[in-house]
Amino acid sequence: MTDVSLPTFDEIAAAAADIAAETIRTPVLSLTSDRWRGILPDAASITVKLELFQQAGSFKARGVLLGLRRLDAVQRRVGVVAASGGNHALAVSWAAQAAGVSARIAMPSTVDPLRIEGCRAMGAEVTLCDDMPAAFAEMDRVVAQEGRAILHPFDGAHMTLGAAVCGAEYAAQAPQIDTLVVPVGGGGLIGGLGHGFKLANPAVQVIGVEPTGADSMTRSLAAGHPVALDKIATIADSLSAPKAMPYSFAVAQQVVDRMVHVTDAQMRAGMGHYMDVLRLLAEPACAASLAAICGPLRDELAGKHVGIIACGSNVSVARWQTVMAG
């Protein structure tokens, strides 16, 4: 796979300044409360960046805003289209409404109704599809018939740049971190976040986390080229990309040091910990980093300064309860 050009320090700084007035510098929290005793691994420190407090409820807001900035006048007049399981859909709906741009969203019909209604409340036209592959097919159909610009949920320079802004921000807030553990759906978050962090600290180890039933990036990195999955089986709909894509895969090749898997049960446990300790209503993807450090990575984090990310959480109480019930 041919290397892609990653954003420079100056490009990340310029992007951060460009969207600063419209986005939130999300807080970081040191997980030192006694309530975490017996839950967390024996690391030197563990810090979480709370991206669920970002505009539209996830890290996606930065990249989507930057993508809208790149549209020309004709594209803005025709509008945009996206396929998403929820967080990206909400970010596109939010940013498009603020910019006065028409948005079409293709979503699986099985997603949390809170996400569907949230998009519609912000003026987006939502088309419900059978599953994520069908949603991507619908996105392509809309492009062919209407000429709308695609705001892809993870594959694109603007999404990597937005995540890099987040990474640089995190590195400035918690410079002690030497091990960064990041959820992976399509790879846009880990590529940008890891790169932005590595510009500040080249020695940081970037570890990706995928569900056992949706591990297209793990398989792609092992194969050396983007791989598509025959099926997806995970409770983490925000991590259910059906295939790796060329751009985000090429970025991940340069940034990701290793990948690990988490099970649905481990993500449910992470969701429970966030609720019990922090009173946060976390969706499965939001809990994936926590699940990884409490699960497959637990025994190797002694002495490490660990950074995790609560990447977003747009989940209703009813859906959270359903997921937790298994």
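Each reported figure results from applying straightforward, stated rules to the coordinates on display, with no laboratory input. All figures in this text were calculated on a predicted structure; none of them were measured in a lab. Please note: Cβ atoms are built from the backbone with ideal geometry, for glycine as well, and neighbour counts cover all protein chains shown.
Side notes on the structure shown:
- Magnitude of the charge dipole, the chain, Cβ model with Lys/Arg +1 and Asp/Glu -1, debye to 20: 380 debye
- In the chain, the calculated helix contribution to ellipticity at 222 nm averages -12500 deg cm²/dmol per residue, counting -39,500 (n - 2.57) for every DSSP H run with n ≥ 4.
- Using a Gaussian network model of the chain in which every pair of alpha carbons under 10 angstrom is joined by a spring, one finds that among Gly186, Gly312, Gly79 the greatest mean-square fluctuation is at Gly79.
- By definition, a body whose alpha carbon gyration tensor gives a ≥ b ≥ c is oblate when a/c is 1.5 or more and a/b is not larger than b/c, and segment 60-150 fits this oblate description.
- FRET efficiency, 1/(1 + (r/R0)^6) with R0 30 Å, evaluated for Ala265 and Ser30 via beta carbons: 0.65
- Zone of Met324's modelled label, taken as backbone nitrogen in segment 109-149 under 14 Å from a point 7 Å along Cα→Cβ: none
- His158, His305 arranged by Cβ crowding within 10 Å, fewest neighbours leading: His305, His158
- Ranking of Ile19, Ile12, Ile24, Ile190 by count of other Cβ atoms within 10 Å, fewest first: Ile24, Ile19, Ile12, Ile190
- Think of segment 182-247 as having a plus end and a minus end, set by charges on the Cβ of Lys, Arg, Asp and Glu; of Ala228, Gly191, Gly213, Gly191 sits farthest toward the positive end of this dipole.
- Multiplying the residue separation of Glu22 and Thr212 by 0.36 nm and subtracting their alpha-carbon distance yields 64.8 nm.
- Relative contact order of the chain: 22 percent, from C-alpha pairs under 8 Å at least 6 residues apart in sequence.
- The slack in the chain from His225 to Asp299, taken as 0.36 nm per residue of separation less the alpha-carbon distance, amounts to 23.6 nm.
- Across Ala14, Ala282, Ala168, mean-square fluctuation computed from a Gaussian network of the chain (C-alpha pairs under 10 Å connected) peaks at Ala14.
- In this label model, Ala121 and Ile39 are separated by 2.7 nm, measuring between points 7 Å along each Cα→Cβ vector.
- For the chain, the residue among Leu290, Val256, His88 whose Cα projects farthest onto the positive side of the dipole built from Cβ charges is His88.
- When only the Cβ of Lys, Arg, Asp and Glu is charged (+1, +1, -1, -1), the dipole of segment 138-220 relative to its Cα centre reaches about 120 debye.
- Amide H contacts under 5 Å for Cys129, placed H, 5+ residues apart: Met107, Ser109
- The H on the amide N of Val260, modeled in the peptide plane, is under 5 Å from the matching H of Gly208, Val209, Glu210, each at least 5 residues off or on a different chain.
- Max mean-square fluctuation residue, GNM over the chain, Cα-Cα springs under 10 Å, options Val143, Val80, Val262: Val143
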